[in-house]
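Written below as structure tokens is the structure these notes are about.
The values are calculated or read from the model by the stated rules, or taken from the named source; none is laboratory data. Model, not experiment: these values are computed from the prediction. Note that we place each Cβ from the backbone using ideal geometry, even for glycine, and neighbour counts take in every protein chain shown.
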Amino acid sequence: MAIIRLNDIQSVKKNFYQADDIEDVVFEISYYTSHIHVYTLSTSETYAELTKVYKHDPAIIEEYNFYSLLEVQELFNTLLRVVYNWKSTYKKASHQNNAMFWNLAIKYKDGFVAKYEGDGAYPNNFEDLLDLFGIEGIK
């Protein structure tokens, strides 16, 4: 008899969703040096808004971009392809002083949240996620 783990159930559930089931996406990157970048993509009935917040002590810089629902649908389809085979947690074997910590949360309209995180370790196609958010030179 096979043992079913909670992570297995969550993995099956997160791969069941489609792009139009997504409500919000939050991608956060922080560094050992306390620099934090937060990217939030929120949808409404008529458009989507991407908010970028850069927190570099002591300054906080915010940028806003707006997208049509068609554009964000394409972005969500790409996002789901990127994270399709991801594990929920990536950890480096040894702690690094310059490690980048990251987490990604995909919130669906029914309330389910698929979460992914890393502590100095990344999935093989992590660069694709960075490209999706227009992030360069981080990893």
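Mind checking which residues of segment 75-87 are assigned to a helix (DSSP H, G or I) and touching a residue at least 12 places away in the same chain (Cβ under 8 Å)?
Here is the first cut: in segment 75-87, the ones assigned to a helix (DSSP H, G or I) are 75-83.
Result: Leu75, Phe76, Asn77, Thr78, Leu79, Leu80, Val82, Val83.
Output the number of residues of segment 15-42 satisfying the condition of being in contact with a helix residue (DSSP H, G or I) (Cβ under 8 Å, 6 or more places away or on another chain) and modelled with pLDDT of 85 or more. Step through it out loud before you land on a result.
So in segment 15-42, the residues in contact with a helix residue (DSSP H, G or I) (Cβ under 8 Å, 6 or more places away or on another chain) come out as 17-20, 22, 25, 27, 41.
If we keep only those that are modelled with pLDDT of 85 or more too, we end up with 22, 25, 27, 41.
Going through segment 15-42 one residue at a time, the tally reaches 4.
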